[in-house]
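To keep things clear, I will list the structure first and then write my remarks on it.
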Amino acid sequence: MAPSSFHHTLFTASILLLSSCLSAAEKITYVVVGGGTAGLAVATRLSENADNTVIVLEAGSDGFDNTNIKNLTGPSIQALPGSSVDYNYHSEPLKFAANQVANMTRGKVLGGSSAVNGALFTHPSKSDLDAWESDFGAAGWNWTTLSAAIDSAEHFSTTARLASTESFHGSNGPIFVTQRTPTGDVWTKGVIPAVVATGGKESTDQSGGDPTGIWYSPKAMFPNSTRSYSANSYYLPNAGRSNLQVHVNSTVSRIVWGQSQNGGAAVATGVEYFDADGKNTTVNGDRVILSGGAFGTPQILELSGIGNPDILKPLGISTVVNLPAVGENLSEQPTSRYIAALAPNISNAGVQLTLNFESPRNLLNSTEWDKAHELIQTAPPGLSDTAHKALIKLFESDAPIIEFMGFPNPANLVFLPILLHPMSRGSSHIVSTDVKQAPKFDLALFQSPFDLYILTKATARARRFATQDSVKPFVAAEIAPGANVTSDEQFETFVKNSVGLSYHPLGTAALGSVVNKDLRVNGTANVFVVDGSIIPMQPAAHPSALIYGIGEHAATLLKAAPLSDDQNQHVRRFFEIHV
């Protein structure tokens with residue numbers, strides 16, 4: 001969608017969003033629970049078939065009048081967490097990280113977290129995605145299929161004086177992706193030479209399957225530097241479709257099941273939801289697609305009787321499908337920080353930032369590599385044997401393990417080291433039958449000593465960048481960790497006490513354990529999950545591009561599977577049990 005047509009389309013869509021009325025008796029082909037990153041992507045693609053009627057139920061508002069969503073400058077992005085468009089979840093105390101309580105920003109607005117994130121659009125590595133098929137058994141989910149799906153979402157445009165490889169990107173998708181020529185010399189003459197001088201390398205494009213190196217990362221933004229996200233790029237251009245209904249301020253409370261399951265797979269007939277006035281309404285549908293993210297999707301599954309009976313029974317919820325993996329395998333990419341004040345008359349403003357991906361052999365010396373290799377052999381609680389073996393393989397193959405994010409801060413030089421492949425696994429579960437009560441989640445950060453070790457070494461490496469000759473003219477003094485932090489023990493204490501989040505929670509309805517390769521929830525005939533909760537382990541990337549790709553690939557799978565296949569699945573399951 002061209003930016004010039006944005007306001008006209010926005011006005012039309014707002015009328016549709018606010019005036020549409022759903023009859024409880026109306027029959028829908030697809031009911032999509034959650035109008036977020038993947039939810040609007042899959043809904044829009046499915047509505048391309050005029051024979052489908054697609055309804056999206058989004059708990060948040062439309063957000064189109066929120067200027068902070070549109071604006072990608074630092075102050076606007078920083079104003080979104082804790083606001084009305086944020087679920088503002090709070091973790092359980094991080095007992096391996098000084099018992100801090102972490103705030104987890106998740107978008108409660110049309111567009112979901114694509115409306116409130118930093119808008120980075122990074123392609124995962126080939127080794128990450130091929131592991132889904134080779135290690136987790138998800139046939140058809142690999143680099144070839146998912147990179148093509150991401151390309152279907154992407155509308156990449158080149159930027160003057162910045163190298164890129166156009167063949168690595170999509171050019172006709174709805175999400176506009178671009179870079180900006182950096183201002184000033186801090187990165188071009190300071191940081192990038194420092195990375196190279198300390199054993200790193202400069203990339204020309206990180207989107208071709210190997211992100212290793214430092215590059216000016218693209219963002220999901222229009223040519224005028226405003227945010228391009230699922231609400232204004234997937235939905236708005238197609239808001240006039242009569243077979244695509246989007247209802248905001250509509251909170252789904254549970255899946256409705258058929259009267260008889262005949263001993264086979266559970267069959268959904270629709271969902272219940274509360275509208276803006278608090279009225280409880282039921283909408284019928286042939287297929288239910290959950291797209292509530294790492295916290296919302298397991299919450300709806302558990303409220304609907306799919307999960308661990310030990311969690312459901314005390315709350316008075318009857319078990320429809322005994323599936324203990326629901327809500328487990330929660331992973332997040334922890335971050336540390338390095339900050340130095342810029343020298344007088346030096347500025348590093350703008351919207352362009354850099355990402356520097358480094359592998360274990362580049363990050364660690366040989367002694368440190370041996371120590372890390374020893375630590376990775378011990379799996380923490382909650383990490384499956386499959387995931388453990390996959391993570392060891394990635395480490396030994398020297399796949400990227402750390403990202404250094406360089407921010408365009410006007411006053412400071414800022415690096416955020418981000419652990420890409422954490423071993424630690426937490427969980428997210430309901431504590432009430434009230435859908436409006438947030439789930440209880442434990443991130444379990446640093447439960448694995450391996451995670452703490454790698455992030456500690458990365459923090460020390462960030463200081464090495466900042467103390468190279470090429471950077472010295474641009475900086476005045478170190479702010480964090482601080483000049484008094486010098487020993488390994490002091491760096492480790494700093495990392496534990498100041499750990500941050502990437503806001504990349506994933507994995508709570510993972511491929512293989514909760515959903516099959518068709519994204520159908522195990523034990524059901526017609527319930528699917530399409531969001532980041534299906535991702536079995538963290539990718540070496542910011543996940544939004546991948547989640548758009550999941551929406552695109554899911555639409556392809558669902559389009560190829562007739563509705564009659566759901567009934568066949570039901571019958572097949574019946575005979576598996578009884579014959």
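Filtered by the rule that a residue be more than 19 Å from residue 506 (Cα to Cα), in contact (Cβ under 8 Å) with a residue 40 or more places away in the chain and either touching a strand residue (DSSP E or B) at 6+ places or on another chain (Cβ under 9 Å) or surrounded by 15 or more Cβ atoms within 10 Å (Cβ to Cβ) (or both), region 80-107 gives 96, 97, 100. Within region 36-53, restricting attention to residues that are in contact with a strand residue (DSSP E or B) (Cβ under 6 Å, 6 or more places away or on another chain) and in a helix (DSSP H, G or I), the residue that is nearest to residue 555 (Cα to Cα) is 46. Looking only at residues in region 476-511 that are of a type in the set (Gly, Ala, Ser) and surrounded by fewer than 20 Cβ atoms within 10 Å (Cβ to Cβ), the one that is farthest from residue 454 (Cα to Cα) is 476.
Across region 423-451, the number of residues qualifying as within 18 Å of residue 497 (Cα to Cα) and either of a type in the set (Gly, Ala, Ser) or under 22 Å from the mean Cα position of the chain (by Cα) (or both) comes to 9.
Out of all the residues in region 371-381, is one or more closer than 27 Å to residue 482 by Cα and touching a Phe, Trp or Tyr at 6+ places or on another chain (Cβ under 9 Å)? Walk me through it before giving the result.
Kept after step one, since they are closer than 27 Å to residue 482 by Cα, are these residues of region 371-381: 371-372.
Among the residues that remain, those that are also touching a Phe, Trp or Tyr at 6+ places or on another chain (Cβ under 9 Å) are: 371-372.
Scanning region 371-381, I find at least one residue that is closer than 27 Å to residue 482 by Cα and touching a Phe, Trp or Tyr at 6+ places or on another chain (Cβ under 9 Å), so the answer is yes.
Just one of the listed residues (213, 208) is part of a loop (DSSP other than H, G, I, E, B), more than 18 Å from residue 119 (Cα to Cα), in contact (Cβ under 8 Å) with a residue 40 or more places away in the chain and not basic (Lys, Arg), namely 208.
Which of the residues that make up region 156-175 are assigned to a strand (DSSP E or B), touching a residue at least 60 places away in the same chain (Cβ under 8 Å) and surrounded by fewer than 20 Cβ atoms within 10 Å (Cβ to Cβ)? Answer for region 156-175, where residues must be assigned to a strand (DSSP E or B), touching a residue at least 60 places away in the same chain (Cβ under 8 Å) and surrounded by fewer than 20 Cβ atoms within 10 Å (Cβ to Cβ): there is none.
The residues in region 511-537 that are of a type outside the set (S, T, N, Q) and in a loop (DSSP other than H, G, I, E, B) can be counted, and the count is 12. Of all residues in region 257-265, one or more are of a type outside the set (Gly, Ala, Ser), assigned by TED's automatic domain parsing to the domain that holds residue 513 and either at pLDDT 95 or above or part of a strand (DSSP E or B) (or both). Out of 480, 411, one residue alone is touching a strand residue (DSSP E or B) at 6+ places or on another chain (Cβ under 8 Å), modelled with pLDDT under 95 and of a type outside the set (S, T, N, Q). It is 411.
Suppose the filter is within 25 Å of the chain's Cα centre (by Cα) and in a loop (DSSP other than H, G, I, E, B); does residue 271 pass it? Here the answer is no, as residue 271 does not meet what is asked.
The sole residue among 150, 55, 77 that is more than 19 Å from residue 532 (Cα to Cα), surrounded by 22 or more Cβ atoms within 10 Å (Cβ to Cβ) and in contact (Cβ under 8 Å) with a residue 24 or more places away in the chain is 55.
Yes/no per residue for (1) among the β-branched types (Val, Ile, Thr); (2) surrounded by fewer than 22 Cβ atoms within 10 Å (Cβ to Cβ); (3) over 18 Å from residue 431 (Cβ atoms):
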| residue | (1), (2), (3) |
| --- | --- |
| 315 | no, yes, no |
| 320 | yes, yes, yes |
| 329 | no, no, yes |
| 341 | no, yes, yes |
| 345 | no, yes, yes |
| 351 | yes, yes, yes |
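The values are calculated or read from the model by the stated rules, or taken from the named source; none is laboratory data. Source: prediction; values computed, not measured. Ideal geometry is used to build each Cβ from the backbone, glycine not excepted, and the neighbour counts take in all protein chains shown.
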